[in-house]
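> One structure follows; several queries about it will come next.
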Amino acid sequence: MTEINHRNADHPIHSIFLERWSPRAFTGEEIRKEELLALFEAARWAPSASNIQPWRFVYARRDTEHFASLLETLDEGNQRWAKNASALVIILSKTHRVTSTGEVRPAYTHAFDTGAAWFALALQTQLAGWRAHAMAGIDRDKAMRVLGVPEHHRVEAAVAIGRLADPATLPEDLREREKPSQRKPISEFVFEGRFRAD
């Protein structure tokens with residue numbers, strides 16, 4: 001059994017899976033472009049069906065011209081704390097692929113593969129001493145417009161990246177939530193031989 005961050009794994013796993021969590025309190029310190037690109041390099045090597053690599057990332061570092069526009073695509077609740085991130089990232093997936101004959105077909109695993117790329121980025125972020133918090137709370141239509149995203153792409157999530165700050169820097173209602181969350185036991189989502197509904 002592995003225990004870290006008040007989290008207990010029921011089976012032996014690498015500690016990084018318990019160490020990684022999604023904080024909201026960030027210091028706002030600068031992340032150099034080279035440091036950020038190294039995180040995307042890890043995402044580059046994620047597994048991908050037929051090697052299509054459907055993931056796309058649009059980023060803005062703090063105190064650069066695009067940071068405010070990416071921040072404004074987030075729900076108000078996320079803007080309150082994500083404004084202190086060192087970088088913001090919008091994750092997109094390419095929903096269709098073009099075959100060798102020029103036919104446009106659905107890329108059925110676009111979200112699955114993009115999720116793998118996100119997790120590679122998240123683990124590399126942790127290993128590099130930064131923290132990443134993915135968010136579903138984003139105005140997807142607005143993000144498509146602001147970022148100039150063409151058809152056959154979908155906004156999947158947003159990510160805030162930064163150095164961990166004292167939870168006291170957060171609005172009061174978020175401070176008590178600033179800790180690693182627990183997870184369901186595997187018995188609730190792993191089934192031998194046949195699916196079992198909730």
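The values are calculated or read from the model by the stated rules, or taken from the named source; none is laboratory data. Keep in mind it's a predicted model, so treat the numbers as computed, not measured. Using ideal geometry, Cβ is built from the backbone for each residue, glycine included, and neighbour counts are taken over all protein chains shown. Note: accessible area is taken over every heavy atom of the protein model, side chains too, but ligands, DNA and RNA are not part of it. Shrake-Rupley method; radii C 1.70, N 1.55, O 1.52, S 1.80 Å.
> When the chain is fully extended, how far beyond the present Cα-Cα distance does Gln79 get from Glu29, taking 0.36 nm per residue of separation?
The Gln79-Glu29 span can extend by a further 16.3 nm.
> Continuing with the same structure: With every protein chain kept in place and ligands, DNA and RNA left out, what is the accessible area per residue of the stretch 22-164? Probe 1.4 Å, answer in Å².
Roughly 50 Å² per residue, with all protein chains present.
> What is the dipole size for the chain, taken about its Cα centre, with +1 at each Lys and Arg Cβ and -1 at each Asp and Glu Cβ, in debye to the nearest 20?
So the dipole magnitude of the chain works out to roughly 340 debye.
> Next question, about the same structure. (i) -0.55, -0.76, -1.44; (ii) -0.69, -0.91, -1.40; (iii) -0.81, -0.95, -1.25: which one is log10 I(q)/I(0) by the Debye sum over Cα atoms at q = 0.12, 0.14, 0.19 Å⁻¹ as calculated from this entry?
(ii)
> Something else about it: By average Cβ neighbour count within 10 Å, what is the ranking of 11-17, 72-78 from highest down?
Answer by packing, highest mean first, reads 72-78, 11-17.
> State the extension gain, in nm to one decimal, for the chain segment bounded by Trp45 and Phe17, taking 0.36 nm per residue of separation less the distance between their alpha-carbons.
In short, 8.2 nm is gained.
> Oh, and also: Order the peptides 39-50, 79-90 from the highest to the lowest mean number of other Cβ atoms within 10 Å of their residues.
So the peptides 39-50, 79-90, ranked by packing, come out 79-90, 39-50.
> Still on this model: If the elastic network links every pair of Cα atoms under 10 Å, which of Arg163, Arg145, Arg154 fluctuates the most in the Gaussian network model of the chain?
Sorting by GNM fluctuation, first place goes to Arg145.
> Right, next: Of the accessible area of the stretch 24-163, with the probe set at 1.4 angstrom, what percent is carbon plus sulfur?
Looking at the stretch 24-163 in its full context, I get 50 percent from C and S.
> For the stretch 25-75 and the stretch 139-161, write down the distance between their C-alpha centroids in whole Å.
13 Å
> May I ask which residue of Ala157, Thr169, Pro180 lies farthest towards the positive end of the charge dipole of the stretch 142-198, with charges of +1 (Lys, Arg) and -1 (Asp, Glu) on Cβ and the Cα centre as origin?
Positive-most Cα among the choices belongs to Ala157.
> Could you compute the net charge surrounding Asp198? Neighbours are other residues with a C-beta less than 12 Å from the C-beta of Asp198; K and R count +1, D and E count -1.
My count for the surroundings of Asp198 gives +1.
> Moving to a separate point now. Run the paramagnetic zone check for Asp198: 7 angstrom along Cα to Cβ, then residues of the stretch 89-115 with backbone nitrogen under 18 Å.
Those under the cut-off are none; the list is empty.
> Another one. Can you tally the net charge around Asn78? Count Lys and Arg as +1, Asp and Glu as -1, for every other residue whose Cβ sits under 12 Å from the Cβ of Asn78.
In short, -1.
> Among Trp81, Leu36, Thr95, which residue has its Cα positioned farthest towards the positive end of the charge dipole of the stretch 26-143, with +1 placed on the Cβ of Lys and Arg, -1 on the Cβ of Asp and Glu, and the dipole taken about the Cα centre?
Checked the options; the winner is Thr95.
> Residue separation times 0.36 nm, minus the C-alpha to C-alpha distance between Asn5 and Lys184: what's the value?
Working it through step by step, the gained length comes to 62.8 nm.
> What base-10 log of the normalised intensity I(q)/I(0) is obtained for the stretch 46-139 from the Debye formula, alpha carbons as equal point scatterers, at q = 0.13, 0.25, 0.26 Å⁻¹?
So the normalised log intensities work out to -0.54, -1.26, -1.30.
> May I pose another question? Which FRET efficiency value, to the nearest 0.05, is calculated for Asp166 and Phe119 with the Förster distance at 25 angstrom and r the Cβ-Cβ distance?
Once rounded, the FRET efficiency stands at 0.40.
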